[in-house]
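See structure below.
The values are calculated or read from the model by the stated rules, or taken from the named source; none is laboratory data. These figures come from a predicted structure and were not determined experimentally. Positions of Cβ are backbone-derived with ideal geometry, glycine not excepted, and every protein chain shown enters the neighbour counts. Please note that ligands, DNA and RNA were not included when accessible areas were found on the heavy atoms of the full protein model with its side chains. Shrake-Rupley method; radii C 1.70, N 1.55, O 1.52, S 1.80 Å.
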Amino acid sequence: MIRRVLLLLAAVSLPLAAAPAKSPPVMSGTVSAADPRAAEAGIEILRQGGSATDAAIAMMLALNVVEPQSSGIGGGGFLVNHDAKSRAVTSFDGREAAPAAADGEWFFRDGKAMDHADAIPGGRSVGVPGNLRMMAMAHARHGKLPWAALFQPAIRLARDGFAITPRLGNSIDRYGKAIVSDWGRAFFFNADGSPKAAGTILKNPEQAALFAGIAAKGPDYFYHGATAEKLVATVNGARINPSRMTMADVAAYRAKERDPVCGTYRVYRICGMGPPSSGGITVLLILKQLERFDMAALGKDNPVAWHLLAESERLAYADRDTYLGDADHVSVPVKGLLDPAYIASRSALISPDTTMASIAPGVPAGAPPRVRVQPGPEHGTSHMSAVDAQGNVVAVTSTIEDVFGSGLTIDGTVLNNELTDFDIAPVRDGYLAANRVQGGKRPRSSMSPTIVYGPDGKVRIALGAAGGSTIIAQIAKALVGVLDWKMSAQDAIGMGLIYTPGPGGVVERGTQLEPMLPALAALGEQLRAGPLGLKANAVEQVNGQWTGAADPRSEGVAITITGKDSVTHKVARGANAAHE
Ligand code: GLU
């Protein structure tokens, strides 16, 4: 159904409008996003005098249009902000929430937990979307341009059309069967049922109208009234896995400002996202457990360095799996996990010569008693970074979870399947899981928008990634590359990944790590080479100059505009569209 809504940039009611920029815009800044059209949207906003937050919001919205398989307002995200004036770092939680009716058996069928893959399609996996509320909260705090201005690049893309990228074309081809809505089938497939190919122009007037409504009326346009009714009817009326979401669930959704999780690694200060994301804490654990090793001296070509990284990942992921969940619903021992004595005790388990025989979570101070239970009855995502002329920096990661989320759509917009980021079964290894489904709770995430400060107190790099639980390993690897091995953000992101969330693990096929496999095996590592769906984006400051990095595995770009002449550089256009 196409609603006709006037695309009125001017129709901004007061509460939606941040104070207009007083001084003429200074045109400089850097953005990085997973699609060039999203990066251009960010630059357009910076050129109008928008803040880094404004640019990040415009990029999120543009990505919703051109990368519909990965992220958008039908999903959730986390945003970390550095304020140049106050030097404060704040973080915003726009993670989706479970309906109040959800409980530990939300994903049960015939008395048994469903397979993860069976739980994804349809209504039950859809959390109340959080991105719009988060954008509005961040905009109210750090925005400069009127709210409606941020929607204009995305509205143009949706209304006038955009070409399917190779990556999206590949996603439709490989994962398109996940799209269960009639609108989605017609949008992404030809009349003969074949997937629309890269280069095809898609127009999405439904989404343009939805965005125009939200631009004019604010997020309430989505969370109340006809759009919310459509959301509830769609998830509850789904042919597969119908939900029990209510209008009250949607109306009750709030973004939350959270304490960022900060810690030091060598001379750097690293700030990331706390619960319900596991990202900030797990990245810090990996790095801090490595701190007693001279990673710089070992260097990036030494298999021992990668073995140490692998072991540190294993320990950190074990703690993540055991302790991390939504701290509003379960007790999460954040302080205990980041306590230096605890980290030292965990790091002592790592040997440069051999691989641990077994991996177990530790017992940090404040760990809640683990409740033993008698036996009985996780890619779609996108990260953006932006810095503006004043030096405000934003790192934001946004997702609908799997490729094409739940496969359901409203108003040309894909709905998330974020609730399958909960543990599908409420019991894990005989214990009640911290990340079990509970009404109103937010599922644990791996998303890791991260801002790193140098010893001079200046922001050194802001980065993040997509790729489910590999995100944590991607960020740790990139930071070891930049901070220890003195690589550019671009090279550090491009470097192959070792991913070891448990025993064994994977090295990224076709990278510098593959030839190291025999040397790693001699250290007891049982690894295999395999493909990993990775996608990172960063902005970094080197000697006072900002530049950006975009994953060479993706179609992403970074763009810098400089003050006087507004020169636009594009870097790092990747070609590999093989993996979402
Ligand atoms: N839903 C995942 C998370 O929040 C991200 C999915 C992805 O990156 O593919 O951790």
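Given the rule -39500 (n - 2.57) for each run of at least 4 DSSP H residues, summed and divided by the residues of the chain, what is its mean residue ellipticity at 222 nm, to the nearest 500 deg cm²/dmol? Before the final figure, lay out the partial values.
Details: 19 runs with 174 residues, N = 580.
About -8500 deg cm²/dmol.
A 1.4 Å probe, protein heavy atoms only, puts the accessible area of Leu349 near 90 Å². Between Lys486 and Ala248, the modelled labels are 6.2 nm apart [label points 7 Å from Cα along Cα→Cβ]. When nucleic acids and ligands are ignored and a 1.4 Å probe is applied, Met245 ends up with an accessible area of around 10 Å². Computing FRET efficiency as 1/(1 + (r/R0)^6) for Ala163 and Arg141, where r is the C-beta to C-beta distance and R0 is 25 Å, gives about 0.10.
Defining a contact as two alpha carbons under 8 Å apart and six or more residues distant in sequence, what relative contact order in percent does the range 433-563 show?
21 percent
Using alpha carbons only, what's the Rg to Rh ratio of the range 373-476 with Rh from Kirkwood?
On the way: Rg = 17.6 Å, Rh = 16.1 Å.
My calculation puts Rg/Rh at 1.09.
At a 1.4 Å probe, what is the % contribution of carbon and sulfur to the accessible area of the chain? Please report the intermediate quantities before stating the final value.
On the way: 11350 of 20390 Å².
Carbon plus sulfur share of accessible area: 56 percent.
Going by accessible surface with a 1.4 Å probe and the largest first, Leu532, Leu46 read Leu532, Leu46. Only one residue of Ser398, Ser385, Val427 has its Cα farthest out toward the positive end of the dipole of the range 348-449, where Lys and Arg carry +1 and Asp and Glu -1 on Cβ, and that residue is Val427.
Given Cα positions, please report Rg to Rh for the chain, the hydrodynamic radius being the Kirkwood one. Don't skip to the end; give the middle numbers.
Values: Rg = 22.4 Å, Rh = 23.6 Å.
Reported Rg/Rh (Cα atoms, Kirkwood Rh): 0.95.
Using Cβ point charges alone (K and R +1, D and E -1), the dipole size of the chain about the Cα centre works out to roughly 900 debye.
A cut-off of 5 Å between modelled amide H atoms, ignoring neighbours fewer than 5 places along the same chain, links Ala529 with Val507.
Distance between the 7 Å Cα→Cβ label points at Arg292 and Ser345: 1.3 nm. Between Ser358 and Gln390, the simple label model (points 7 Å from Cα in the Cβ direction) yields a spacing of 5.5 nm.
Across the range 142-150, rounded Karplus estimates of 3J(HN,Hα) from the backbone phi angles (6.51 cos²θ - 1.76 cosθ + 1.60, θ = phi - 60°) give 10, x, 10, 7, x, 3, 4, 4, 5 Hz, Gly and Pro being marked x.
The accessible area of Asp182, taken with all protein chains in place and a 1.4 Å probe, comes to roughly 110 Å².
Over the range 252-359, consider all pairs of different Cα atoms and compute the Kirkwood hydrodynamic radius from their mean reciprocal separation; express it in Å, one decimal. Mind showing how you got there, number by number?
On the way: mean 1/r = 0.0676 Å⁻¹.
With all distinct Cα pairs of the range 252-359 included, I get 14.8 Å.
Only the Cβ atoms of Lys and Arg (+1) and of Asp and Glu (-1) were treated as charged; on that basis the dipole of the range 290-424 about its Cα centre amounts to roughly 540 debye. Excluding same-chain neighbours fewer than eight residues apart, the lysines reachable from Lys177 by a Cα-Cα span under 24 Å are Lys196, Lys203, Lys230, Lys535.
Which FRET efficiency, nearest 0.05, do Lys177 and Asp301 yield, Cβ-Cβ r, R0 35 Å? Write down the numbers at each step before the final one.
Numbers: r = 42 Å, r/R0 = 1.21.
Calculated value: 0.25.
Of the residues Leu298, Leu168, Pro361, the one whose Cα sits farthest toward the positive end of the charge dipole of the chain, with +1 on the Cβ of Lys and Arg and -1 on the Cβ of Asp and Glu, is Leu168. Looking at Gly533, Gly280, Thr511, which one has the Cα that reaches farthest to the positive end of the dipole of the chain (charges on Cβ: Lys, Arg +1; Asp, Glu -1)? So the residue we want is Gly280. Listed by chain and number, the lysines whose alpha-carbon sits under 16 Å from that of Lys458, ignoring those within fewer than 8 places in the same chain, are Lys85.
With all protein chains in place and ligands, DNA and RNA left out, the 1.4 Å accessible area ranks Cys262, Cys271 as Cys262, Cys271, largest first.
Sequence-ordered 3J(HN,Hα) estimates for the range 403-418 from the Karplus curve with 6.51, -1.76 and 1.60 and θ = phi - 60° stand at 4, 6, x, 7, x, 8, 9, 9, 6, x, 10, 6, 9, 5, 10, 5 Hz, glycine and proline given as x. Full extension of the chain between Asp328 and Thr200 gives 41.6 nm of extra length, using 0.36 nm per residue less the Cα-Cα distance.
Using a 1.4 Å probe and counting only protein heavy atoms, arrange Lys335, Lys300, Lys441, Lys458 so the residue with the most accessible area comes first. Kindly include the intermediate steps, with their values, before the conclusion.
Values: Lys335 185, Lys300 80, Lys441 0, Lys458 110 Å².
The ranking, largest first, comes out as Lys335, Lys458, Lys300, Lys441.
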